[in-house]
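Undergrad: Have a look at this one.
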Amino acid sequence: GFKDALGSVVLTPVKDEADIIGIIQVNKSETQGFNQSDLDFLTNIANITAISIQKVRLIENLEETVAARTAQLGAELNKSERSHQAMLYMVEDLNQSTRELNSEREKLERLNQELEAFSYSVSHDLRAPLRHINGYIDLLLKRFPENLPEKAQHYLDNVVASANKMAVLI
């Protein structure tokens, strides 16, 4: 009857360390059961199956880790590229500013040269009238020394002193 129809059944656990992650069931229509060699063989298959499952899980974890790290490196690379581009823009701006400053410096140098030439011309042009003033006063003092009142003599001395002071300032 029932015992003849059932035969023999062996359940072998598939373990991941201490946890059971599956069961291998082997049925035999014969009633005599399984010998030790059969049980050792099933245990080996269960162990190999457990190792295979562990490898698949490790590969899946590794793939997830690689994908996450690849995404992280991609983000870091993007950030680095943006930083690099920003630095290039800054260098370009700095170069442009340097060119503009050099241009302004050259303009200032030209303006300073023009100002120096103008100053020289003005100082030269102002000295000539001072020489004339001093020359005419000297003539007055030499030609009319007794005819000049003391007050006029004092005024002429003040004019000479002021003319000399102006010559020093120029």
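The values are calculated or read from the model by the stated rules, or taken from the named source; none is laboratory data. Keep in mind that this is a model prediction, so the values were computed, not measured. Here Cβ is always computed from backbone atoms with ideal geometry, including for glycine, and neighbour counts include all displayed protein chains. Protein only, heavy atoms only, side chains kept; ligands, DNA and RNA dropped before computing areas. Shrake-Rupley method; radii C 1.70, N 1.55, O 1.52, S 1.80 Å.
Undergrad: Please report the relative contact order for the chain, taking Cα pairs under 8 Å with a sequence separation of at least 6, and give it as a percent rounded to a whole number.
TA: Working: 81 pairs, mean separation 23.0, N = 170.
Once divided by the residue count of the chain, the mean separation gives 14 percent.
Undergrad: Can you compute the FRET efficiency between ALA117 and GLN96 using 1/(1 + (r/R0)^6), with r the Cβ-Cβ distance and R0 = 45 Å? Round to the nearest 0.05.
TA: Once rounded, the FRET efficiency stands at 0.90.
Undergrad: Given springs between every Cα pair under 10 Å in a Gaussian network model of the chain, which of SER97, SER37, SER80 has the largest fluctuation?
TA: Among SER97, SER37, SER80, the largest mean-square fluctuation in the Gaussian network model of the chain belongs to SER37.
Undergrad: Could I ask something else about it? Arrange the residues PHE41, PHE144 by how much accessible surface each exposes, largest first, with a 1.4 angstrom probe.
TA: Putting PHE41, PHE144 in descending order of accessible area: PHE41, PHE144.
Undergrad: Can you list the aspartates and glutamates whose alpha carbon is less than 19 Å from that of LYS165, not counting same-chain residues fewer than 8 positions off?
TA: Straight-distance partners of LYS165: ASP125, ASP138, ASP157.
Undergrad: Compute the length gained on full extension between GLU60 and SER83: take 0.36 nm times their separation in residues and subtract their Cα-Cα distance, giving the result in nm to one decimal.
TA: Stretched out fully, the GLU60 to SER83 stretch lengthens by 4.9 nm.
Undergrad: Oh, and also: Putting +1 on Lys and Arg Cβ atoms and -1 on Asp and Glu Cβ atoms, find which of THR49, LEU73, LEU148 reaches farthest to the positive end of the dipole of the chain.
TA: Positive-most Cα among the choices belongs to LEU148.
Undergrad: If R0 is 45 Å, what FRET efficiency do you get for LEU140 and LYS107 from their C-beta distance, rounded to 0.05?
TA: 0.35
Undergrad: Now, a different point. How far, in nm, would the chain grow between VAL160 and ASN47 when pulled straight, counting 0.36 nm per residue and subtracting the alpha carbon separation?
TA: Extra length from VAL160 to ASN47 when fully extended: 28.3 nm.
Undergrad: To the nearest 20 debye, what charge dipole does the chain have about its Cα centre, counting +1 at the Cβ of each Lys and Arg and -1 at the Cβ of each Asp and Glu?
TA: Numbers: 18 positive and 25 negative charges, 197 e Å.
For this selection, approximately 940 debye.
Undergrad: Given the options SER8, GLN96, ALA167, identify the residue whose Cα lies farthest towards the positive end of the charge dipole of the chain (+1 on Cβ of Lys, Arg; -1 on Cβ of Asp, Glu).
TA: ALA167
Undergrad: For the chain, give the percent of accessible area contributed by carbon and sulfur heavy atoms, probe 1.4 Å, rounded to a whole number.
TA: Carbon and sulfur: 58 percent of the exposed surface of the chain.
Undergrad: In degrees, nearest 10, range 0 to 90: what is the angle between the Cα axis of helix 36-143 and the longest Cα principal axis of the chain?
TA: Result, in degrees: 0.
Undergrad: Could you state the accessible area per residue of the chain in Å², with a 1.4 Å probe and every protein chain left in place?
TA: On the way: 14060 Å² over 170 residues.
Per residue, the chain has an accessible area of 83 Å².
Undergrad: Could I ask something else about it? Near ASP16, within a Cβ-to-Cβ distance under 12 Å, what is the net charge of the other residues, with Lys and Arg +1 and Asp and Glu -1? Intermediate results must be reported in sequence, preceding the final value.
TA: Working: positive: LYS15, LYS55, ARG57; negative: GLU17, ASP19.
The answer is +1.
Undergrad: Here is a further query. Under 10 Å, Cα contacts only: if you run a Gaussian network model on the chain, which one of GLU106, GLU60, GLU150 comes out with the highest mean-square fluctuation?
TA: Most flexible of the set in this elastic network: GLU150.
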